[in-house]
Amino acid sequence: MRLHEHEALDIFEQMGIPVPRRGLATTMHEALHIAGEIGYPVILKAQVLVGGRGLAGGIKVAHSPDELKELAEGLLTSEIKGLPVRKILVCEKVEIQKELYLGITIDGYSGRPVIVVSTEGGVLIEETAKNAPEKIASIHIDPSFGYYPYKSRSLLRRLGLEQKIISAWSDVISQLYTISIRYEALIAEINPLVVLPNGGLLAVDAVLEIDDSAISRIHLPLPDRFERMENPLERRGREIGVTYVDLDGDIGLISSGAGLGMASMDIIAKNMRPANFLETGGGITADLLYRCMDLVLMKPNIRAIFINVYGGINPIHEGAKGVARYIKEHKVKIPIVAKALGNRQEETWEILRSAGVHVVTETATEKAIERLYELVGTNRE
Amino acid sequence: MSVLIDDSTRVLVQGITGRIGSVQTHWMLEYGTKVVAGVTPGKGGTEVEGVPVFNSVEEAVKETGANASVFFVPAAFVLDAFLETVDAGIKLIVVVPEHIPVRDVIKMRHYAIEKGVFAIGPTTPGILSPGKGKMGIMPASLFRPGRVGIISRSGTLSYEFAGILSEVNVGQSTVVGMGADPVILRNLADILELFERDNDTDGVIIVGEVGGEQEEKAAGFIARRMTKPVAAYIAGRYSPQGKRMGHAGAIIRGSAGTVEAKQEALRAAGVEVLDSPIHAAQWAIKHKLR
């Protein structure tokens, strides 16, 4: 789960990381009030969960109440990379001497946390990593022994910094590392970490992404994870316990397993366009597939559905009952092609066939999608 | 010989009394796997599918000589059960469950490697050696004995590849699900090495997917060490890019992770990149792997 900047900043502040004075506004009038208390100029930052927000026009500077009214109104009625801006963060604008970068993540390949720092923070950090790798330093943490502050000090010494900034910065790294452990973070990042004219540091942005698999054991206040999902179909998927991704085509997909789902999409996309990605995981029941049918058919333009499931951990014969019940109750007329192999496959085919589903018994997904293509024809809307 | 599972493998099922554990024990036994014990703390002394259940791994090992373990334990309890299993001296562990916290996986991975344990998963369908046995959830009907090894990040895609090969009478030596989580217990290159050394394997198919850098790192191993033919399929070309936030991952990985980067790295290592799963059949026939 990704937190909004304002949520992450609140957490960083509680842990002692210096953050700017700020307030959250959902209306132009609230923004005006907050700016009045902070004093101009202020920065207005759209609270949307996308990367590259600044370059996409989601960050503005207001020097006066008149300018703020116009900018706040503009932001609150805009979309950033397709997401509506519902809230803006109004922050004090500070004088910046230098922008640093600090990120903590998990290096998946070596299976260790890694701390990454750079003296060239800001929006172009990934370019710096490519073009000037000497300005980036990173250090892995041994999971058996954990983090100790000397790790940060030795990391920062590699960037050739003065002791004064090393002391201040390593404190921030220690605090952010503690946050990454307590909140089971996949990413904890401050970019930029600003050096102020007095030499102090200030975290003017905050990224925190929490491991979904660990949420139930984090005994700290957390925002609601369903509420933040903007797409109602994707939210519905999460509610019923499947992964659903909304796409722009018209062929519905239900698959068991992410890899099989991705391969199905890749093959569908050769001649047609998938309307969604849907992956059930290992928890198929009759009710779950009934709900999956309902979810996929919430989009009005679906021309056909492809069901691609394996009976390994999943009782596919149970799933088939749910599909058949849905078709019967809702008198579904569009073509449905199913490939269902594995434990109890014959029983599964029987149930699906009697509900009018086109069952393909060959193994290759390609063959089933050829059948689907024949059924929906080539004329596309 | 085969990879990881052979005639001497004596399997312990953890979480055997659960709904999934008991059903999968049935299928493993039916496939001829020597399932010798189950463990569920508090349910010792009972039986599931005729297999004795113990309260601890230590007891199960002592009483039955179990030397490999497969997990059907709820995600929240996996770390504890895993450490217990390593401490009891078991050297092969298959972690089937999904949704295990990444920080638990990190601990498991490092403890296993430190203690010389070969562990795979999490989120893996397990290991199946056709005609010999299986640890995990792979549906046996799709597999045939033969000489092609399969290593897959995705469970269901490993079934798909095995099934496609079986349909043209290309059998498999062993099929291994490496797991699909951001951190896995053993990297792809380590599993490839087992197949390179296995006398019963003549060629290997890697079934990868978008994200992470397992395939790119394995390409280095293949170029240096693999003498057997390798083919690879990478799923996810059409998958939408996530609304990514944060830069730390991109900084440490560089361009790794895309379908194109994986395919390019593998091709440069001499791997035949398959455009679609169905092409696995022609590849195997071309290399006379029947």
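Please average, across the residues of B:159-165, the number of beta carbons from any other chain that are within 10 Å of each residue's own beta carbon, and give a whole number. Show your work: numbers first, answer last.
Working: counts 8, 12, 3, 1, 6, 6, 1.
For peptide B:159-165, the averaged partner shielding equals 5.
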Residues whose built amide H sits under 5 Å from the amide H of A:E120, excluding neighbours closer than 5 in sequence, are A:Y101
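In debye, nearest 20, what is the charge dipole magnitude of the range B:169-244 about its Cα centre with +1 on Lys and Arg Cβ and -1 on Asp and Glu Cβ, if you could check?
300
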Between the residues A:Y310, A:L68, A:S138, the Cα farthest towards the positive end of the dipole of chain A, that dipole coming from +1 and -1 charges on the beta-carbon of Lys, Arg, Asp and Glu, is from A:Y310
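Pairs of alpha-carbon atoms within less than 8 angstrom and 6+ residues apart define the contacts here; what relative contact order does the range B:11-120 have, in percent? Could the numbers behind the result be given before it?
Details: 194 pairs, mean separation 25.6, N = 110.
Relative contact order, the range B:11-120: 23 percent.
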If R0 = 41 Å, then A:T361 and B:F77, at their Cβ-Cβ distance, give a FRET efficiency to the nearest 0.05 of 0.60
Along principal axes, largest first, the alpha-carbon spread of the range B:139-286 in whole Å comes out as 47, 30, 27
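Subtract the Cα-Cα distance of A:R217 and A:F145 from 0.36 nm times their separation in residues, and report this length gain in nm to one decimal.
Working: separation 72, 0.36 × 72 = 25.92 nm, distance 2.22 nm.
Here the answer is 23.7 nm.
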Rounded to whole angstrom, the alpha-carbon centroid of the range A:264-343 lies from that of the range B:202-222 at a distance of 30
The answer for A:D107, listing residues at least 5 apart or on another chain whose modeled amide H is closer than 5 Å to its amide H, is A:R112, A:V114
Place a point 7 Å from the Cα of A:R21 in the direction of its beta carbon; the residues of the range A:72-110 whose amide N falls under 16 Å from it are A:90-95
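Report relative contact order for chain B in percent, whole number only (criteria: Cα-Cα under 8 Å, sequence separation at least 6). Let's see the in-between values first.
Values: 640 pairs, mean separation 43.5, N = 290.
Taking the mean separation of contacting Cα pairs over the length of chain B, I get 15 percent.
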Expected vector for the range B:21-30, Karplus 3J(HN,Hα) from phi with 6.51, -1.76, 1.60 and θ = phi - 60°, integer Hz, x for Gly and Pro, equals x, 6, 4, 6, 4, 4, 5, 5, 4, 4
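Cβ neighbours within 10 Å, averaged per peptide: list A:333-344, B:204-215 in order, most packed at the top.
Details: A:333-344: 21.6, B:204-215: 26.2.
Taking the mean over residues of other Cβ atoms within 10 Å, the ranking is B:204-215, A:333-344.
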Phi angles of the range A:151-164, converted by Karplus (6.51 cos²θ - 1.76 cosθ + 1.60, θ = phi - 60°) into ³J(HN,Hα) in whole Hz with x for Gly and Pro, give 4, 5, 4, 6, 4, 6, 4, 5, 8, x, 8, 6, 4, 4
Over the protein assembly as shown, with neighbouring protein chains present, the accessible area per residue in Å² at probe 1.4 Å is 40
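If you put +1 on each Lys and Arg Cβ and -1 on each Asp and Glu Cβ, how big is the dipole of the protein assembly as shown around its Cα centre, in Debye rounded to 20? Can you show the working numbers first?
Working: 73 positive and 81 negative charges, 165 e Å.
Around 800 debye, computed over the protein assembly as shown.
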Taking every residue of B:103-115, the Cβ atoms of other protein chains inside 10 Å of its Cβ average out to 4
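Leaving ligands, DNA and RNA out of it, report the carbon-plus-sulfur percent of the accessible area of chain A at a 1.4 Å probe.
50
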Of all DSSP beta bridges having both residues in the range A:232-376, the percent classed as antiparallel (nearest 5) is 20
Per residue of B:251-257, other chain Cβ atoms within 10 Å number on average 6
Rounded to the nearest Å, the spacing of the alpha-carbon centers of the range B:261-284 and the range B:1-42 is 34
Expressed as a whole-number percentage, the relative contact order of the range B:139-286 with C-alpha contacts under 8 angstrom and at least six residues apart is 26
Simple spin-label estimate for B:K286/A:S167, 7 Å along Cα→Cβ, in nm, reads 6.5
In a Gaussian network model of chain B with springs linking alpha carbons closer than 10 Å, the residue among B:G15, B:G133, B:G50 that fluctuates most is B:G50
Chain A, Gaussian network, Cα under 10 Å: of A:R86, A:R353, A:R225, the residue fluctuating most is A:R353
Taking the alpha-carbon centre of each part, the distance from the range A:107-147 to the range B:50-124 in Å is 32
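The values are calculated or read from the model by the stated rules, or taken from the named source; none is laboratory data. Only a predicted model underlies this, so the values are computations on that prediction, with no experimental measurement involved. Cβ atoms come from the backbone with ideal geometry, glycine included; neighbour counts cover every protein chain shown. Areas reflect the complete protein model, heavy atoms only, side chains present, ligands, DNA and RNA absent. Shrake-Rupley method; radii C 1.70, N 1.55, O 1.52, S 1.80 Å.
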